[in-house]
Amino acid sequence: MLDTLLHEFAHHLDVHLFDWPDTPHTRGFYWRVDALYHLALTTPAEKRKPLVWIKSGTRWRIDLTKLR
Ligand SMILES: [Zn+2]
C-alpha cells in the first residue's frame, strides 16, 4: 500500500511541483518513488538496496527479486 501511495504521490509531484505536462514511468520516476519509500521508512543508507534494472525488449523493468 505504501508503494502505491508513493507512486501516485510521485505522479502528483511531477505535475504540480515540477509542472511537467506528462508523468511517464521512466527509470527516474521509479528512482524518485524509491527515494520517497526509504525516506518514509527512514531506512538507513547502508541498508538500502539500489534498484536493479533488467532490459526487457525496448523497455526496462525493476528486478524485484533484488529488492526487499
Ligand atoms: Zn503510474
- Matching residues in segment 16-30 - criterion: being exposed (fewer than 13 other Cβ atoms within 10 Å of the Cβ) and either in contact (Cβ under 8 Å) with a residue 40 or more places away in the chain or within 12 Å of the ligand (Cβ to nearest atom) (or both): Asp22, Pro24, Thr26
- Message: Just to be sure before I move on: is Arg61 within 16 Å of the ligand (Cβ to nearest atom), surrounded by 10 or more Cβ atoms within 10 Å (Cβ to Cβ), modelled with pLDDT under 95 and under 9 Å from the mean Cα position of the chain (by Cα) in the structure I sent?
- Response: no
- Of the numbered conditions (1) assigned to a loop (DSSP other than H, G, I, E, B); (2) away from the ligand (no atom under 15 Å from the Cβ); (3) over 20 Å from Arg61 (Cα atoms), Leu39 fails exactly one; give the number of that condition. (1)
- Query: Which condition does Val33 not pass, out of (1) touching a residue at least 24 places away in the same chain (Cβ under 8 Å); (2) touching a strand residue (DSSP E or B) at 6+ places or on another chain (Cβ under 7 Å); (3) β-branched (Val, Ile, Thr), if it passes all the others?
  - Reply: (2)
- Message: Just to be sure before I move on: is Leu51 away from the ligand (no atom under 11 Å from the Cβ), of a type in the set (A, V, I, L, M), assigned to a helix (DSSP H, G or I) and within 12 Å of the chain's Cα centre (by Cα) in the structure I sent?
- Response: no
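The values are calculated or read from the model by the stated rules, or taken from the named source; none is laboratory data. In this text the structure is predicted, and so the values were computed from the model without any measurement. Don't worry about glycine lacking a Cβ; one is built from the backbone with ideal geometry, like all the others, and counts go over all protein chains shown.
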